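**Q** The following block contains the structure, expressed as structure tokens.
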Amino acid sequence: MPAKTKFEIKLGPATREAFGRALVELGKANPNIVVCDADLSKSTMTTYFEKEFPDRFISCGIAEANMTAIGAGLALAGKIPFVSSFSAFAINKGFEQLRACVAYPKVNLKVVGTHSGISIGEDGPSQMSIEEIGLACNLAGFVVIAPADEVSTKALVHAAAEYVGPVFIRTGRPKCPIIYPEGTKFEIGKSVQLADGNDVTIIANGLLVAQAMLAADTLGDEGISVRVIDLHTAKPIDREAIARAAKETGAIVVAEEHLVDGGLGVRVAQVVAETAPCPMEFVGIQDTYAESGQPEELLDKYGLIARDVVAATRKVLARKR
Amino acid sequence: MKYLKLRSLAVAARNKRASFSMKSITPHIAVESGFPMAKSIEELQEIAKRIRREIITMIGEAKSGHPGGSLSAVEIVVDLFFNRMRIDPKNPKWPDRDRFILSKGHACPVLYAAMAECGFTPIDQLNTLRKLGSIYQGHPDVRFIPALEASTGSLGEGLSLAIGMGLAARLDKRPFRTYAMFGDGEIQEGQIWEAAMAGAFHKMDNVVAIVDYNGIQLDGFVKDIMDVAPLADKWRAFGWHTIEIDGHSLPAIEQAFNEAEATKGKPTCIVAHTVKGKGVSFMENNPKFHGTAPNADEVKRALQELQ
């Protein structure tokens with residue numbers, strides 16, 4: 001058997017950048033696409049859309065609650081609005097509006113949060129969103145997506161525009177490792193198996209997908225066979241892939257740049273409990289807020305790098321009978 | 001005489017809008033059936049009285065609900081549905097229809113009665129209000145009545161929705177107008193003022209805000225809970241063309257809506273001075289009837305007064 005190719009970190013554009021580019025593609029293809037922004041267009045990258053389609057770019061000022069409901073009004077009148085801000089503000093400041101104006105009447109609004117997680121870096125905890133996967137999943141009927149790289153972000157932003165109903169997409173600030181070759185197809189709710197294995201499964205989303213790949217290689221060198229799944233859609237969750245991983249590998253690690261409380265791990269654990277219970281470990285932020293620093297320093301300090309995924313995997317394997 | 005002249009102007013304005021929409025891109029215009037016939041003041045008053053009776057009866061049957069703010073809004077809602085808006089009960093999703101958002105969703109009995117009287121929803125089910133399985137939910141819910149423009153009830157959100165709809169109208173070059181009505185207590189919500197800024201900034205002259213200024217909220221008088229006065233000054237300062245009227249005077253309401261329609265380049269806010277519980281003596285200006293249903297005896301007395 002030929003030696004497996006190792007995963008190498010090659011940085012590509014940030015997922016927010018991919019989102020901004022995808023919006024322009026969408027805007028060209030569909031005149032019903034409109035964008036609302038709350039004074040962060042140069043950071044959320046909706047500025048690309050604004051330059052191409054100034055009439056369809058709606059400046060809402062620093063008023064996220066109002067922006068969310070304006071977006072809902074646009075959707076109710078037949079538009080496909082994307083409202084965007086940092087995740088911390090899009091979700092938290094607009095949460096009630098997401099619940100009452102969007103989720104419960106099932107309005108066709110797309111919400112894209114950028115600068116998610118602690119990898120925003122120097123700005124510190126007030127700008128860091130570490131709870132929005134949990135919050136968004138608690139909006140009944142919402143689709144919740146956290147893509148890992150440029151290619152998957154673009155594809156899933158397009159998929160979100162085609163899907164009729166409310167969607168939240170989580171994107172990040174820093175340049176991120178390339179996972180997928182150009183042209184890879186993605187489907188909402190359908191995870192991607194990046195590596196096959198039968199000893200243990202690592203499930204990850206966002207920035208942690210690359211760390212999971214690195215961890216799998218490290219463990220592979222020791223003869224441990226690791227399955228890696230990019231679970232980009234937190235809701236609706238890919239039950240089938242999770243159940244199969246639980247049955248076939250008997251141990252699961254979930255890794256995410258999010259509070260362990262209420263995040264992807266909890267959702268995966270629910271499916272595992274309902275289908276094929278097995279030992280699980282969770283890599284995430286442990287009931288705390290981060291601080292200022294460079295993204296790499298923060299990911300290291302708060303336990304969100306390959307080293308931590310490896311440690312969690314060893315732990316779960318030790319518990320596996 | 002002056003009033004008659006105003007009415008003929010109003011009819012002319014509506015006809016103009018109707019002919020505009022016939023030329024618009026929408027293929028399935030139903031102007032003939034959907035366009036409200038200009039009604040006489042007496043006819044509108046009669047409808048208003050009937051709707052008041054329906055409000056009392058349905059809330060009485062439900063044994064819970066919000067009569068006070070439903071009754072204070074009757075004349076405005078009646079004028080919108082029976083004399084103003086271009087709507088078509090047979091084609092409720094007609095893209096060029098005018099839109100009404102009851103941001104003060106708890107006053108839905110007035111909206112349900114008006115929609116049922118128009119023929120949007122079954123009139124014989126009004127008394128199922130708030131009961132399991134009823135389309136007449138405790139607050140307006142588009143899942144149960146698709147002809148509603150929005151689900152409302154969480155206060156402070158309707159003006160933002162209206163602005164979104166108005167922006168869509170502008171982008172699509174559609175002639176429809178959007179009316180959002182909220183309570184005077186409701187405007188204590190900060191989002192209303194975010195929307196007020198946005199409405200003026202985006203020059204939303206196809207959006208009309210209506211404040212049902214009845215002076216009472218759940219816990220008591222607005223002036224004692226969190227005073228919103230001077231209200232008209234606030235809207236003017238936010239850049240809205242602001243009109244203060246007696247919200248129970250049908251001629252004043254009609255004139256205000258005409259003025260709103262003639263106002264270009266800025267949105268209009270109508271501060272409608274109303275009486276909470278209007279039309280039922282023991283409910284008028286009585287905070288108790290913000291959110292308390294009348295008992296059987298009170299229903300009887302109220303209906304006698306509304307004969």
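Computed from the coordinates by the stated procedures, all read-outs in this text should not be read as laboratory data. Keep in mind the model is a prediction, meaning the values are calculated, not measured. Glycine also receives a Cβ, built like all others from the backbone with ideal geometry; neighbour counts cover every protein chain displayed.
**Q** Would you mind ranking B:Cys118, A:Cys176 so that the residue whose beta carbon has the fewest other beta carbons within 10 Å leads the list?
**A** Ordered by Cβ neighbours within 10 Å, fewest first: B:Cys118, A:Cys176.
**Q** What is the set of long-range amide H partners of B:Arg99 at a cut-off below 5 Å, with H atoms built 1.01 Å from backbone N?
**A** So B:Arg99 has HN proximity to B:Arg177, B:Thr178, B:Tyr179.
**Q** A further question on this structure: Starting from segment A:82-183, pick out the GluC sites (Glu not before Pro) whose DSSP state is loop and whose Cβ has at most 14 other Cβ atoms within 10 Å. Before the final figure, lay out the partial values.
**A** Values: sites: A:Glu96, A:Glu122, A:Glu131, A:Glu132, A:Glu150, A:Glu162, A:Glu182; in loops: A:Glu122, A:Glu131, A:Glu182.
Answer by residue number: A:Glu122, A:Glu182.
**Q** With a 10 Å Cβ neighbour count serving as the proxy for reagent exposure, in which order, fewest first, do A:Arg319, A:Arg239 appear?
**A** A:Arg319, A:Arg239
**Q** Given only helices, namely DSSP H runs of n ≥ 4 each adding -39500 (n - 2.57), what is the per-residue ellipticity at 222 nm of chain A, to the nearest 500 deg cm²/dmol? Intermediate results must be reported in sequence, preceding the final value.
**A** On the way: 12 runs with 121 residues, N = 321.
Mean residue ellipticity, 222 nm, calculated: -11000 deg cm²/dmol.
**Q** Charges on Cβ only, +1 for Lys and Arg, -1 for Asp and Glu, centred on the Cα centroid of the protein assembly as shown; of A:Leu214, A:Asn32, A:Leu109, which one is farthest towards the dipole's positive end?
**A** With unit charges placed on the Cβ atoms, the residue in question is A:Asn32.
**Q** Here is a follow-up. If I take every Cα pair under 8 Å that is 6 or more residues apart in chain A, average their sequence separation and divide by the length, what percent do I get for the relative contact order?
**A** Details: 757 pairs, mean separation 54.9, N = 321.
The value is 17 percent.
**Q** Using Cβ contacts closer than 10 Å as the measure, can you line up B:Val280, A:Val112 from fewest to most? Show your work: numbers first, answer last.
**A** Working: B:Val280 24, A:Val112 30.
Exposure proxy ranking, most exposed first: B:Val280, A:Val112.
**Q** Placing +1 at every Lys and Arg Cβ and -1 at every Asp and Glu Cβ, with all other atoms neutral, what dipole size does chain B have around its Cα centre, in debye to the nearest 20? It would help to have the intermediate numbers written out before the result.
**A** On the way: 38 positive and 36 negative charges, 192 e Å.
Computed charge dipole of chain B: roughly 920 debye.
**Q** So, one more: Going by alpha carbons, how many degrees (0 to 90, nearest 10) lie between the helix axis of A:208-221 and the longest principal axis of chain A?
**A** On a 0 to 90 degree scale, this one is about 10.
**Q** Check A:Thr201: other-chain or 5+ apart residues with amide H under 5 Å from its amide H, H built from backbone geometry?
**A** Amide H neighbours of A:Thr201, under 5 Å, 5+ apart: A:Arg227, A:Ala251, A:Ile252, A:Val253.
**Q** Going by amide H atoms built from the backbone, whose H comes under 5 Å of the H on B:Val142, apart from near neighbours?
**A** So B:Val142 has HN proximity to B:Ser151.
**Q** Can you work out the Karplus-derived ³J(HN,Hα) for every residue in segment A:306-320? Use 6.51 cos²θ - 1.76 cosθ + 1.60 with θ = phi - 60°, whole Hz, and x for glycine or proline.
**A** For segment A:306-320, the Karplus-derived couplings read 3, 3, 6, 5, 4, 4, 5, 5, 4, 5, 5, 5, 5, 7, 6 Hz, x marking Gly and Pro.
**Q** Between segment A:69-102 and segment A:135-194, how many Å separate their Cα centres?
**A** Their Cα centres are 18 Å away from one another.
**Q** What is the angle, in °, between the Cα long axis of helix A:150-162 and the longest principal axis of the Cα atoms in chain A? Nearest 10 is fine, range 0 to 90.
**A** 50 degrees
**Q** Is there a pair in A:Lys28/B:Lys173; A:Lys28/A:Lys185; B:Lys39/B:Lys93; A:Lys175/A:Lys235; A:Lys51/B:Lys104 whose C-alpha atoms are over 29 Å apart, and which pairs would that be? List each step's numbers first, then the result.
**A** Details: A:Lys28/B:Lys173 19 Å; A:Lys28/A:Lys185 21 Å; B:Lys39/B:Lys93 24 Å; A:Lys175/A:Lys235 25 Å; A:Lys51/B:Lys104 38 Å.
Correct reply: A:Lys51/B:Lys104.
**Q** For segment B:226-307, what's the radius of gyration and Dmax over Cα atoms, in angstrom?
**A** 16.8, 51
**Q** Can you give me the relative contact order of chain B as a percent, contacts being Cα pairs under 8 Å and 6 or more apart?
**A** Working: 595 pairs, mean separation 66.0, N = 307.
Relative CO of chain B lands at 21 percent.
**Q** Positive end of the dipole of the protein assembly as shown, charges at C-beta (+1 Lys, Arg; -1 Asp, Glu), about the Cα centre: which of A:Ala312, B:Met181, B:Val228 has its Cα farthest in that direction?
**A** Checked the options; the winner is B:Met181.
**Q** Let me know the longest stretch in chain B that avoids all chymotrypsin sites (Phe, Trp or Tyr not before Pro) found in a DSSP loop with at most 16 other C-beta atoms within 10 Å. All intermediate terms of the calculation are to be shown ahead of the outcome.
**A** Working: sites that count: B:Phe144, B:Phe282.
That would be B:1-143.
**Q** Quick check on the protein assembly as shown: take the gyration tensor over C-alpha atoms, sort the square-rooted eigenvalues as a ≥ b ≥ c, and tell me if it's rounded (a/c under 1.5), prolate or oblate.
**A** Numbers: a/c = 2.53, a/b = 2.09, b/c = 1.21.
Verdict is prolate for the protein assembly as shown.
**Q** Still on this structure, I have one more. Got a sec to turn the phi values of segment B:178-191 into Karplus ³J(HN,Hα) couplings, 6.51 cos²θ - 1.76 cosθ + 1.60 with θ = phi - 60°, whole Hz, x for Gly and Pro?
**A** 10, 10, 10, 10, 10, x, 6, x, 4, 6, 5, 5, x, 4
**Q** Along the Cα→Cβ direction, 7 angstrom out, place labels at B:Asn127 and B:Asp233. What is the inter-label distance in nm?
**A** In this crude label model, B:Asn127 to B:Asp233 measures out at 5.0 nm.
**Q** On full extension of the chain, what length is gained from A:Ser126 through A:His158, given 0.36 nm per residue of separation minus the C-alpha to C-alpha distance?
**A** 8.5 nm
**Q** A further question on this structure: Which of the lysines could be linked to B:Lys300 by a straight reach, that is with a Cα gap under 26 Å, when you skip same-chain ones fewer than 8 residues away?
**A** Correct list for B:Lys300: B:Lys49, B:Lys63, B:Lys131, B:Lys276, B:Lys278, B:Lys288.
**Q** Further question on the same structure: So what is Rg over Rh here for chain A, counting just Cα atoms and using Kirkwood for Rh? Intermediate values should be presented prior to the final figure.
**A** Details: Rg = 18.9 Å, Rh = 19.5 Å.
Rounded to two decimals, Rg/Rh equals 0.97.
**Q** Another question, then. Sum up the charges of everything whose Cβ sits under 13 Å from the Cβ of A:Gly113, counting Lys and Arg as +1 and Asp and Glu as -1, but leave A:Gly113 out. Provide the component values of the computation, followed by the final result.
**A** Values: positive: A:Arg16, A:Lys93, A:Lys110, A:Arg170, A:Arg173; negative: A:Asp37, A:Glu64, A:Glu131, A:Glu132, A:Glu257.
Taking every Cβ under 13 Å from that of A:Gly113, the sum is 0.
**Q** Pairs of Cα atoms under 8 Å, at least six residues apart: use those to get the relative contact order of segment A:94-150, whole percent. Write out the running numbers ahead of the final one.
**A** Working: 33 pairs, mean separation 17.3, N = 57.
Relative contact order here is 30 percent.
**Q** About its Cα centre, what dipole magnitude does segment B:152-307 give when the only charges are +1 on Lys and Arg Cβ and -1 on Asp and Glu Cβ, stated in debye to the nearest 20?
**A** Values: 15 positive and 21 negative charges, 107 e Å.
That gives a dipole near 520 debye.
**Q** About the Cα centre of the protein assembly as shown, what is the dipole size in debye to 20, counting +1 per Lys and Arg Cβ and -1 per Asp and Glu Cβ, all else neutral?
**A** Values: 71 positive and 75 negative charges, 341 e Å.
Value, rounded to 20: 1640 debye.
**Q** Rounded to the nearest 500, what is chain B's calculated 222 nm mean residue ellipticity when only DSSP H runs of at least 4 contribute -39500 (n - 2.57) each, over all residues?
**A** On the way: 12 runs with 133 residues, N = 307.
Mean residue ellipticity at 222 nm (helix-derived): -13000 deg cm²/dmol.
**Q** Apply the Karplus parameterisation 6.51 cos²θ - 1.76 cosθ + 1.60, with θ equal to phi minus 60°, to every residue of segment A:122-129 and state each ³J(HN,Hα) to the nearest whole Hz, in sequence, with x for glycine and proline.
**A** Along segment A:122-129, the couplings run 4, 5, x, x, 5, 9, 8, 9 Hz.
**Q** Over chain B, with a Gaussian network built from C-alpha contacts below 10 Å, which listed residue (B:Ala114, B:Ala169, B:Ala48) shows the highest mean-square fluctuation?
**A** B:Ala169
**Q** Would you please give the FRET efficiency between A:Glu291 and A:Asp55, computed as 1/(1 + (r/R0)^6) with r the Cβ-Cβ distance and R0 = 45 Å, to the nearest 0.05? Don't skip to the answer; put the middle values down first.
**A** Details: r = 42 Å, r/R0 = 0.93.
Efficiency at R0 = 45 Å is approximately 0.60.
**Q** List the chymotrypsin sites (Phe, Trp or Tyr not before Pro) in segment A:229-319 that DSSP assigns to loop (not H, G, I, E or B) and whose Cβ has at most 15 other Cβ atoms within 10 Å. Which are they? Each step should come with its number before you reach the end.
**A** Working: sites: A:Phe282, A:Tyr289, A:Tyr302; in loops: A:Tyr289, A:Tyr302.
Here the sparse-neighbourhood loop sites are A:Tyr289.
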